[in-house]
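> Next up is a structure, given as structure tokens.
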Amino acid sequence: MSPATPEDGERLQKVLARVGIGSRRTCEDLIAAGRVTVNGERASLGRRVDPERDEVAVDGTPIGVKAGLVYYVLNKPAGVVTTADDPHGRPTVLGLVPAEPRVFPVGRLDMDTEGLLLLTNDGQLTHRLTHPSFGVDKEYVAQVEGTPSRRSVRRLREGVRLDDGPTAPAQAALVGPNVIRLTIHEGRNRQVRRMCEAIGHPVTRLIRTRIGPLADRKLKPGAWRELTTEEVRALERAAGPRDQLEQPAEPPHGRSRGRP
Ligand code: URA
């Protein structure tokens, strides 16, 4: 919904500049060039918006950062569960990030898996990133028992048979005598562990090193940081256009977008 009167809301170029699109002057030029839309309609200079409600996009890509929405990347250590509440009282990933505003993990990592995990209160982005039809690439480094042969690694690439069906083609390479780098876009339960098990090389340590465009080699285990505006926009792009959703994205926990 747009501001009730033309004087309400914030100037579009100010909102664009605040989320890092460019200087106000650059943003004015983008608007004048017709590259900015508000709720799907081309915006003109002088346009005001409500950043909480209006959907602003540049070249068709939503600017991605709305007031009240937060995006964290955590380097999950082993031994921490990816649920909001653990009935067994084990430490959870939510204990490692700020309690307010409340965020939720995007997908999950097994308790013993380490590495990058996104947490956000942006239910729509969560839905798009975890929806099977848009699954973004996720890269893992798996330490395994023994040294897989070239043939075994090729099997990972071409797809292995699991009890819930064959896996889709993946990228796989042996990067050390007992270390495999594997990139998959499906998000099946314990998928990497089961794939390695299927080729006869059970995983002894598993680390997620990339989620779509997002990687961070410097983030220490247990540490988190906010995503940059650019990173949020890159994830938005990787998740695919919003209008491809089959149905309106309901946040996973009954919360509405922009209302943490
Ligand atoms: N695959 C697994 O086996 N475990 C994870 O935690 C993530 C992917």
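The values are calculated or read from the model by the stated rules, or taken from the named source; none is laboratory data. The model shown is predicted, which means the values in this text are computed figures rather than measured ones. Positions of Cβ are backbone-derived with ideal geometry, glycine not excepted, and every protein chain shown enters the neighbour counts.
> Give the range 134-183 a look and list any residue that's over 16 Å from E197 (Cα atoms), in contact (Cβ under 8 Å) with a residue 60 or more places away in the chain and not acidic (D, E), or say none.
F134, V136, K138, listed by residue number.
> If the Cβ limit is 6 Å and pairs must be 6+ apart or interchain, which residue in the range 90-118 that is farther than 23 Å from E231 by Cβ pairs with which residue that is of a type in the set (G, A, S)?
If the second residue must be of a type in the set (G, A, S), the pairs left are D112/A78.
> Which one of these is under 17 Å from D110 (Cβ atoms) and at pLDDT below 95: G187, G258, G240?
Just one listed residue meets the conditions, G187.
> Being within 11 Å of the ligand (Cβ to nearest atom) and more than 17 Å from V136 (Cβ to Cβ) is the requirement here; does R225 meet it?
no
> Out of everything in the range 165-213 that is in a helix (DSSP H, G or I) and within 10 Å of the ligand (Cβ to nearest atom), what residue ends up being farthest from E145 (Cα to Cα)?
Step one: of the range 165-213, the residues in a helix (DSSP H, G or I) are 191-198.
Filter again for within 10 Å of the ligand (Cβ to nearest atom), leaving 191-197.
Values: Q191: 17, V192: 14, R193: 12, R194: 13, M195: 13, C196: 9, E197: 9 Å.
Once the filter is applied, the top-ranked residue is Q191.
> Tell me which residues, restricted to the range 106-141, are more than 9 Å from the ligand (Cβ to nearest atom), of a type in the set (G, A, S) and either within 17 Å of V70 (Cβ to Cβ) or assigned to a loop (DSSP other than H, G, I, E, B) (or both).
Hits for the range 106-141 are G123, G135.
> Hey, does the range 144-154 have a residue that's at pLDDT 95 or above and within 14 Å of the ligand (Cβ to nearest atom)?
Yes: one or more hits.
> Starting from residues that are among the polar types (S, T, N, Q) and surrounded by fewer than 14 Cβ atoms within 10 Å (Cβ to Cβ), keep the ones in the range 12-35 and report whichever is farthest from G68 (Cα to Cα).
My answer is T26.
> Yes or no: the range 92-105 includes at least one residue that is in a loop (DSSP other than H, G, I, E, B), within 16 Å of the ligand (Cβ to nearest atom) and either under 22 Å from I207 (Cα atoms) or touching a helix residue (DSSP H, G or I) at 6+ places or on another chain (Cβ under 8 Å) (or both).
No: the range 92-105 contains no residue that is in a loop (DSSP other than H, G, I, E, B), within 16 Å of the ligand (Cβ to nearest atom) and either under 22 Å from I207 (Cα atoms) or touching a helix residue (DSSP H, G or I) at 6+ places or on another chain (Cβ under 8 Å) (or both).
> Further, regarding this structure: Looking at (1) at pLDDT 95 or above; (2) under 16 Å from G115 (Cβ atoms), find the lone condition where M195 falls short.
Single failed check for M195: (2).
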